[in-house]
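Taking it in order: structure first as structure tokens, then the write-up.
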Amino acid sequence: MCVGIFRALQFSYNGAENAYTHLYTAYREHKENKEKKANAPVEETKASTPAKFNKIDTVLLIGVDKSNYKTANANADTLILLNINQQTGAMTVLLIPRSTAIPIDKNDSVPISSFQQSGTARTLTAVSSLLSLRVDKYIIVDENTLKSLVNTLDGIDLYVGDDMNYDDPQSGVSIHLNKGYQRLNGDTTMQYLMYRGDDMGDLGRAKRQELFIKSFYAEKFTVNSLLAAPAIINIMDNSLYTNIDFFTLANFRNYFKIAWNNSFTVKTLPGKLSPDGSLWQPDAALINDIVNEMGASSP
């Protein structure tokens, strides 16, 4: 009986991998027929890459609050570090609150989100300095792209912990969500992620980002995600702005392994609120512990 169960699981794994490999092949054929887009140059970051990270992919996901992010620098509304171990298939997601304090001189600090206004290279340098780890790969996502991904999956299941009501006519923000478990579409998901009306501020926002990421990840092998895979690949190909090709065959198999193994951890950058509550003051010692953990399983 155990042998039968093992073979059934093996068949399921192979079948799923074959399906995704077929989609990958179709994607590559489609991409080869398109004109290659030039990647934006990135300046050198000061931090180095420890040897134990040689077989680990570290990518910064930058969420911007503008839709025209390819031609205009915008405020970094979200910063998420993706740490992918190629050997074990494990992934660590580190949420960096947008109000994280970055010193610009001995007496003054600014939120890390503001660096994106001067370009992606400045953001990468700030994150590299914060973590004492070289970060030079990035993926930029705007609001419309995230909405499209969620809608393509026919929504995301989330529990809204409290009623959310907030209106800002000047910026066009209108958030109205009722407390309770529900399936959110692209628009309501953005409302959930943008809300900062509770006492927790950016820390509460980071917690909601964590819950969203876990729910989004849970959709990886549902019927909806398999059926939507071609559309998702199309969105990623045409809407993401990045300096990496995460659909190389090697990357594709690594990401599939991560999804299948369910080896997935989400953490928030350690720290505390400043006395006035405007900035998130990072804890360097605890950050160093997390960075070491991310590379601990590599030679």
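The values are calculated or read from the model by the stated rules, or taken from the named source; none is laboratory data. What you see is a predicted model; the values in this text were computed from it and never measured. Note that each Cβ is placed from the backbone with ideal geometry, even for glycine, and that neighbours are counted across all protein chains shown.
For the range 90-111, give me each residue that is more than 26 Å from Gly186 (Cα to Cα) and not in a loop (DSSP other than H, G, I, E, B).
Within the range 90-111, the first condition is being more than 26 Å from Gly186 (Cα to Cα), and the residues that meet it are 90, 100-111.
Of everything in the range 90-111, those that are more than 26 Å from Gly186 (Cα to Cα) and not in a loop (DSSP other than H, G, I, E, B) turn out to be Thr100, Ala101, Ile102, Pro103, Ser109, Val110, Pro111.
Specify which of the listed residues (Ala126, Ala121) is in a helix (DSSP H, G or I), crowded, with 16+ Cβ neighbours inside 10 Å, modelled with pLDDT of 90 or more and touching a strand residue (DSSP E or B) at 6+ places or on another chain (Cβ under 6 Å).
Working: Ala121 fails: touching a strand residue (DSSP E or B) at 6+ places or on another chain (Cβ under 6 Å).
The match here is Ala126.
From the list Pro103, Pro111, Pro97, which one is under 16 Å from the mean Cα position of the chain (by Cα) and under 24 Å from Ser278 (Cβ atoms)? Reasoning before the result, please.
On the way: Pro103 fails: under 16 Å from the mean Cα position of the chain (by Cα); Pro111 fails: under 16 Å from the mean Cα position of the chain (by Cα).
On inspection, the qualifying residue turns out to be Pro97.
Within the range 185-197, does at least one residue satisfy the condition of being over 17 Å from Thr78 (Cβ atoms) and among the small types (Gly, Ala, Ser)?
yes
Would you check if there is a residue in the range 162-181 being closer than 19 Å to Lys214 by Cβ, at pLDDT below 95 and of a type in the set (Val, Ile, Thr)?
No: the range 162-181 contains no residue that is closer than 19 Å to Lys214 by Cβ, at pLDDT below 95 and of a type in the set (Val, Ile, Thr).
May I ask you to list the residues in the range 82-116 that are hydrophobic (A, V, I, L, M, F, W, C), at pLDDT 90 or above and over 19 Å from Ile139 (Cβ atoms)?
Hits for the range 82-116 are Ala101, Ile102, Val110.
Can you tell me which of (1) of a type in the set (A, V, I, L, M); (2) within 28 Å of Met294 (Cβ to Cβ); (3) at pLDDT 90 or above is the one Val141 doesn't meet?
The single condition Val141 does not satisfy is (3).
Do we find a residue being touching a strand residue (DSSP E or B) at 6+ places or on another chain (Cβ under 6 Å), of a type in the set (Gly, Ala, Ser), farther than 26 Å from Gln281 by Cα and assigned to a loop (DSSP other than H, G, I, E, B) anywhere in the range 78-89?
Looking for residues that are touching a strand residue (DSSP E or B) at 6+ places or on another chain (Cβ under 6 Å), of a type in the set (Gly, Ala, Ser), farther than 26 Å from Gln281 by Cα and assigned to a loop (DSSP other than H, G, I, E, B), one finds none in the range 78-89, hence no.
Return the pairs, sorted by first residue and then second, in which the second residue is of a type outside the set (Phe, Trp, Tyr) and part of a helix (DSSP H, G or I), the first residue lies in the range 279-292 and is modelled with pLDDT under 95, the beta carbons are less than 8 Å apart, and the residues are 6+ apart or on different chains.
Taking only residues 6 or more apart or on different chains, the pairs are Trp280/Asp202; Trp280/Leu203; Val291/Leu131.
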